[in-house]
Structure formats: C-alpha cells, structure tokens
Amino acid sequence: MNRLDDYILENYAKRFREWRYQKVYLKFEDKEGKIHLFLGCKRGNTKHLRKIRRKLKQIEAILSKNIINRDKSNIAFITITFNRNCFLNNTYAWKFVSEYTNDFLENLKKKLRKKGNDIEFFLKTYEYHKDYYPHVHLILKLKNHYIPLCIKAKRDLLQKENYLNGHMDLPMLKLLRILNMC
C-alpha cells in the first residue's frame with residue numbers, strides 16, 4: 001500500500017468493526033478440572049470500553065482538582081504535526097508516528113527532570129488531516145506548575161508562520177525556551 005485515501009480507510013474501518021465484535025474468550029481450568037470462560041479484552045469490545053471508562057473516571061477526578069488559569073497550571077496541551085517533506089507519503093508517516101511521539105515524550109521528560117519537574121501522566125490521541133497525514137494531541141499532567149503561554153501579540157502571530165507545516169507551534173516553542181530546551 002503506497003497511500004491512504006477514503007476507500008482504504010473505509011475498508012480498514014469495516015475490517016476493524018468486524019474484528020472488534022468477534023467474541024474472544026479466555027479459557028481457564030481450576031484445580032478441580034472445571035473450565036471457566038471469560039470474555040477477553042479486545043480494543044473496542046464491551047470489556048475494553050468498561051476498562052477505558054473506569055480509567056477516564058479516575059483521570060477526570062484527578063484533573064478536576066487542578067486549577068487551570070493564565071497565571072499557572074500543571075496541565076499542558078500539545079499538538080504534534082509531521083512535516084510532509086520528511087516522508088515519502090502519508091502511509092510512511094503513519095508507520096513512524098508512534099515511535100516519533102514516544103521519542104518526543106522521552107526527550108521532554110528528560111528536559112523536565114533537569115528543571116525539577118516531571119510528567120505524572122499523559123493522554124494521547126492520533127488523528128489525521130484532510131491529506132491523511134497524522135497529528136498527535138497530548139494532554140500532560142505535570143508534577144509542578146508552569147506558566148501557560150498564549151499568543152498575545154501580532155508579532156507572535158507573524159512568528160508562528162515560521163513554525164507551521166510540521167514544526168512546533170509558537171506556544172510550545174516558548175515553553176521549551178523557558179525550560180531551556182531549545
């Protein structure tokens with residue numbers, strides 16, 4: 001497969017739905033020889049969704065205790081996009097999206113630890129643009145507060161033009177400069 005398009009994605013979605021609804025049971029035998037069957041946890045099936053909902057409730061409880069304002073926050077939202085000029089095509093970009101995202105997180109953790117901070121937990125989701133290239137959204141809960149950054153001036157908007165098309169956006173760049181990461 002050399003490229004992604006609507007037909008291929010629809011075909012993958014159809015195959016995933018078929019796979020997701022196939023019941024898989026785990027078979028266990030106790031000491032008395034009695035057999036027990038338990039529904040296996042597969043991405044998207046009812047058992048998996050229950051597990052995800054339980055985790056999301058725990059995360060919601062943790063995040064509801066945090067105050068997010070312009071003065072300080074320990075929650076960061078990051079979007080990572082991929083430069084289309086660095087990949088042969090969108091399929092090739094998807095092949096490496098997880099590896100690059102994990103490398104980004106590991107490097108960010110190292111830099112944060114040098115500054116006495118750390119990532120307590122994170123949520124990430126992969127999405128695609130209209131041209132089917134990936135981008136990643138990250139929500140990070142940091143151990144300590146940092147100063148959230150917003151675009152406040154026209155010069156910030158002009159500078160942002162330089163960081164589009166696969167590079168960090170301006171607020172993330174400012175955050176990394178404050179943390180002496182770039």
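No value in this document is a laboratory result; all are computed from the given coordinates. Since the model is a prediction, treat every value here as computed from it, not as a measurement. Cβ atoms come from the backbone with ideal geometry, glycine included; neighbour counts cover every protein chain shown.
Note that the stretch 96-107 has calculated 3J(HN,Hα) couplings of 10, 4, 5, 4, 5, 5, 5, 4, 4, 5, 5, 5 Hz, one per residue in order, obtained from phi through the Karplus relation 6.51 cos²θ - 1.76 cosθ + 1.60 (θ = phi - 60°); glycine and proline are x. Here's how it looks for residue 40: its modeled amide H is under 5 Å from those of 24, 25, 26, which are all 5 or more places away or on a different chain. Cross-link partners for residue 72 among the lysines, with Cα-Cα distance under 17 Å and sequence neighbours closer than 8 places in the same chain left out: 115, 141, 143, 152, 174. Non-local lysine pairs in the stretch 23-65, meaning eight or more places apart or on different chains, with alpha-carbon distances under 18 Å, amount to 11.
Working from label points 7 Å from Cα in the Cα-to-Cβ sense, the residue 144 to residue 8 distance is 4.6 nm.
The value of relative contact order for the stretch 23-65, using C-alpha pairs under 8 Å at least six residues apart, is 25 percent.
Label-to-label distance for residue 127 and residue 24 is 2.9 nm, based on points extended 7 Å past Cα in the beta-carbon direction. In the frame of its principal axes, the stretch 23-65 has Cα extents of 49, 22, 9 Å, reported largest first.
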